[in-house]
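Everything on this sheet refers to the single structure shown next.
What follows is calculated from the coordinates using simple rules that are stated; it is not laboratory data. Remember, predicted model here, so these are calculated numbers, not experimental data. Here Cβ is always computed from backbone atoms with ideal geometry, including for glycine, and neighbour counts include all displayed protein chains.
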């Protein structure tokens, strides 16, 4: 008689989170019922609730996992020139979006949720990426409020652009990469002279 392989707790959680990403990818948070996951995964509701007692807990775990992976993946090489670091960060972000399409789309939909726990995870993720970019373009640590607003606004733009690109029929990866890179540089160089980042000194938006 064949023995049934027993999955570890971590492996089972990852399996459920992967399957859950499929449910949330093209549907709003409110439209998904956690009980659907037990049917898709072929597990009892009792086992599902053992791992994730509520839909909120499940979705928060999924967002936290995807956010952590993306933060780890998008670390850039500090030895590279500033523009190359920015482009590398965008490239690795696009790589992650391609490799984890369902999870990324699920997070994008979840961003519209009013749940404070989910919003805090997304906010923490934004802060990490924001601080990384500021550290690259303004290595002396003298960022201005206007510069920080520009970077944060650009992050929202990039997320929206990449999410739309995942379903795009004509826009290419290179076009999205260049659009995001040029938009960031353009936004930073459009700041008043005293607010422009020192790491981009001498550049123009077309550079």
Inset, instruction - May I ask you to sort 146, 16, 102 by Cβ crowding, counting other Cβ atoms within 10 Å and putting the fewest first? - result: 146, 102, 16
Legend entry - Degrees separating the helix 101-110 axis from the principal Cα axis of the chain, which is the longest one: 80
Inset, instruction - Indicate the gyration tensor shape class of the range 9-55 (rounded, prolate or oblate), computed on the Cα atoms with a ≥ b ≥ c the square roots of the eigenvalues: a/c under 1.5 is rounded; otherwise a/b larger than b/c is prolate and the rest oblate. - result: prolate
Inset, instruction - Provide the FRET efficiency to the nearest 0.05 for the residue 157-residue 117 pair, computing r from the beta carbons and using R0 = 30 Å. - result: 0.75
Legend entry - Sorted by Cβ neighbour density within 10 Å, fewest at the top, the residues 144, 74: 144, 74
Inset, instruction - For an R0 of 35 angstrom, estimate the FRET efficiency from the Cβ-Cβ distance between residue 127 and residue 44 and round to the nearest 0.05. - result: 0.35
Legend entry - Two-decimal Rg to Rh for the range 58-200 - Kirkwood Rh, Cα set: 0.96
Inset, instruction - Evaluate 2.2 N^0.38 Å with N set to the residue count of the range 1-105, then give the Cα radius of gyration divided by it. - result: 1.34
Legend entry - Per-residue Cβ neighbour rank within 10 angstrom, fewest leading, 62, 70: 70, 62
Inset, instruction - Springs between alpha-carbon atoms under 10 Å, Gaussian network over the chain: tell me which of 28, 160, 79 tops the mean-square fluctuations. - result: 79
Inset, instruction - Just round it to a whole percent: the fraction of Cα-Cα distances in the range 114-174 exceeding 15 Å. - result: 61
Inset, instruction - Quick one: go through the range 71-90 and flag any residue whose amide nitrogen is under 19 Å from the point 7 Å out along the Cα-to-Cβ line of residue 178. - result: 83-90
Legend entry - Potential lengthening between residue 149 and residue 51 on full extension [0.36 nm per residue; Cα-Cα distance subtracted]: 31.4 nm
Inset, instruction - For the chain, with a Gaussian network of springs between Cα atoms less than 10 Å apart, report the residue from 130, 50, 33 with the top mean-square fluctuation. - result: 50
